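The structure under discussion appears below in the form of C-alpha cells.
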Amino acid sequence: KLMDAIDNDDLQQVKSIISENVSKEMVDYTVPVTQKVKETYSSKLNSPENQLVISEMYRSKSTHIPVIPGSSLKGAVRTAFISEIGLYLKSYSGENNKNDFEKMVFKYSDPKNDPFRALCVSDCEILGKNSQMVSDFVNFRENRIENDDFSQMQLFSEVIRGELCEGDSTGELSVSISENLLNISKNIGKGKQEWKHIIHKFTFADIIIACNNFYQNQFSEEFEKFYENTNYQELKNVAIKLNNYIAELKENECIIK
C-alpha cells in the first residue's frame, strides 16, 4: 500500500499509512517536539498541500547520535581567520571572488600551500538524555508594521538542546595541527622546490583569539540590535544569559558560530 501510494504521488495516503502503522520497534530514535510542532502536525496531517518536512541533523549511521560535522567547525574557524587577517588588507577589491580573496589573505597560489590543510577537526557527537528537540522557527524583528514581532517561517528542524533550552547536551571532538604539513616543501632538484613553505602558520592560541574576535563581535552587534532593548522579557533574559557566558569565557575557551 505504501509503495502504491508513493508511485501514485498520493502524499496524503503516504502520511496516513505511516501514521497508522509505525510502531516503537520500527523507530531508530525519538526526539521531543515543541507544542507548536505537535499542534501543526495534528491539524495538517491530512492536508495534501503540507509535506510536514522536518530538517534532520547529520547523524552517525550506526548509533543515530546527532553529529556536528568537523568540516563545518573547520569552516567556521577558517572564516574567523580570514576576517582576522583580512582586516589589514586595504588593497582588497570587493570585485574579486571569494577564492581569490582567501588566497590573498593566506598568501598562497597553490592549494598545497593553504595553511588549513594542516588543521584536522573531527566530527563532534552530541550526547545527553535531553540533547535535542524538534523546534518551530520564527523570525523576530521588533516593531513590525503589522504589529506582529514574530512571524512564522514554516520551518521545523532538529536542534541541539543546550543549557539555555533546559537541555543537557555535551560534545567531544579532537582538533590537531600537523606541523609536518605546515612546514612541508618538496625539493625537485637544482635548488628548486615544487612549492614553498606555508607562509601563514597558526597555533591553538591563534584559533581561540581569531574565533573570539570574530564571533564575539558578531553576537555583540546582534545583541545590541535585537535583544538588549526588546520588550519581550523572556527573549531578553535568554539573550542576556548567553551574552554573559560569552563575556566570561576563560582564556582557553572560544565561541564558534
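The values are calculated or read from the model by the stated rules, or taken from the named source; none is laboratory data. Keep in mind the model is a prediction, meaning the values are calculated, not measured. All Cβ positions, even for glycine, are placed from backbone atoms using ideal geometry, and neighbour counts span all protein chains on display. For accessibility, only protein heavy atoms count, side chains too; no ligands or nucleic acids. Shrake-Rupley method; radii C 1.70, N 1.55, O 1.52, S 1.80 Å.
General remarks:
- Identity of the residue in segment 77-136, at pLDDT 80 or above, under 23 Å from residue 206 (Cβ atoms) and of a type in the set (Lys, Arg), that ends up surrounded by the fewest Cβ atoms within 10 Å (Cβ to Cβ): 117
Let's see how each residue does on (1) of a type outside the set (S, T, N, Q); (2) under 13 Å from the mean Cα position of the chain (by Cα):
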residue	(1), (2)
52	yes, no
57	yes, yes
63	no, no
69	yes, yes
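- Taken as a whole, segment 25-34 holds at least one residue that is farther than 19 Å from residue 132 by Cα and either touching a residue at least 60 places away in the same chain (Cβ under 8 Å) or not β-branched (Val, Ile, Thr) (or both).
- Residues satisfying the stated conditions in segment 137-178, i.e. open to solvent by 70 Å² or more (accessible area, probe 1.4 Å), at pLDDT 90 or above and charged (D, E, K, R): 172
- Looking across segment 9-52, the residues that are modelled with pLDDT of 85 or more, open to solvent by less than 70 Å² (accessible area, probe 1.4 Å), among the aliphatic types (A, V, I, L, M) and in a helix (DSSP H, G or I) come down to 14, 17, 37.
- The set of residues in segment 199-227 being without any contact (Cβ under 8 Å) to a residue 12 or more places away in the chain and either open to solvent by 80 Å² or more (accessible area, probe 1.4 Å) or β-branched (Val, Ile, Thr) (or both) consists of 217, 218, 221, 224, 225.
- Output for segment 228-239, where each listed residue is part of a helix (DSSP H, G or I) and surrounded by 10 or more Cβ atoms within 10 Å (Cβ to Cβ): 235, 236, 237, 238, 239
- Single residue of segment 240-257 satisfying the filter (assigned to a helix (DSSP H, G or I) and under 26 Å from residue 78 (Cα atoms)) that is least open to solvent (accessible area, probe 1.4 Å): 246
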